[in-house]
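Here the structure comes first, spelled out in C-alpha cells, and everything after it is commentary.
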Amino acid sequence: MAGVGEAQRRQAGRSRPLHPSGRGPPPPPPRPRFEPVDREKTCPLLLRVFTKIGGHHSREDFAVRGKEPKDEVQIYTWKDATLRELTDLVKEVAPAARRRDARLSFAFVYPDKNGRFMVREVSHSSLTVSYLGHDQSAMN
C-alpha cells in the first residue's frame, strides 16, 4: 500500500494539480438539457422581429417603450424554433428577405441590469445555406 509521501511524489511529476480529493479536477457542470416542446399542447410565444436592410437597429432605436422601429413583424413560434424556421417565417412577410442573395442576421435585443437595451448578434443565416438544411440550430 502506497504511503502519503509516495502519492505526493507521483503527483509532483504531473503538470496540473489534482482535485483536493486526489482524483483529478472536478467534472464540468452538466449542460442544461432542453425538453422538446410538444407543439400540439404548448402555446406558442410572440416573437417581435424588427427587420432592417443593411444591418441591425441600434440599441437607441429601442430606448423608449412604444417607440420601437416601425418595421416590426410579429411571429408566433416556440422556444425550440430553429433559425431555419425563423428565416422561413420572415421571408413570408419581408419581400427583401426573399432575394436570392439575401443574408439574414439575427440579434437579441434585451434590457441590461440598468434598464438600457443591448443588442447582441446571435447568428447569420445565408438563405442559400439554409435551403440546404445546414442551419438547424435552435434559439434556446
message = Within region 83-100, name every residue whose backbone N is under 12 Å away from a label modeled 7 Å from Cα of residue 123 along the Cβ vector.
response = 83-88
ask   = Say the dipole of region 30-131 comes from +1 at the beta carbon of Lys and Arg and -1 at that of Asp and Glu; which of 108, 45, 77 then lies farthest toward its positive end?
value = 108
Per-residue ³J(HN,Hα) for region 111-119, Karplus 6.51 cos²θ - 1.76 cosθ + 1.60, θ = phi - 60°, Hz, x for Gly and Pro = x, 7, 5, 9, x, 7, 7, 10, 10
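Dipole magnitude of region 30-131 about its Cα centre, charges +1 at Lys/Arg Cβ and -1 at Asp/Glu Cβ only, in debye to the nearest 20? Write out the running numbers ahead of the final one.
Values: 20 positive and 15 negative charges, 40 e Å.
Taking the Cα centre of region 30-131 as origin, the dipole is about 200 debye.
Per residue, how big is the convex hull of region 30-131 when only Cα atoms are used? Give it in Å³. Mind dumping the intermediate values first?
Values: hull volume 14.5 nm³, N = 102.
Cα convex hull per residue, to the nearest whole number: 142 Å³.
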query = Once phi is turned into ³J(HN,Hα) by the Karplus curve 6.51 cos²θ - 1.76 cosθ + 1.60 with θ = phi - 60°, what whole-Hz value does each residue of region 69-80 show in order, with x for glycine and proline?
reply = x, 7, 8, 7, 10, 9, 10, 9, 8, 10, 5, 9
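Please label the shape of region 19-59 as rounded, prolate or oblate, based on the square roots a ≥ b ≥ c of the eigenvalues of the alpha-carbon gyration tensor (a/c under 1.5 means rounded; beyond that, a/b larger than b/c means prolate, else oblate).
oblate
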request  = Quick one: which residues, 5+ away or cross-chain, put their amide H under 5 Å from the amide H of residue 81? H built at 1.01 Å from N.
outcome  = 139
request  = Name the aspartates and glutamates eligible as straight-distance cross-link partners of residue 70: C-alpha to C-alpha under 13 Å, and not fewer than 8 places from it in the same chain.
outcome  = 61
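None of the figures in this text is laboratory data; all of them are computed from the coordinates on show. On a predicted model such as this, the values are computed, not experimentally measured, just so you know. Positions of Cβ are generated from backbone atoms using ideal geometry, with glycine treated the same way; all protein chains shown enter the neighbour counts.
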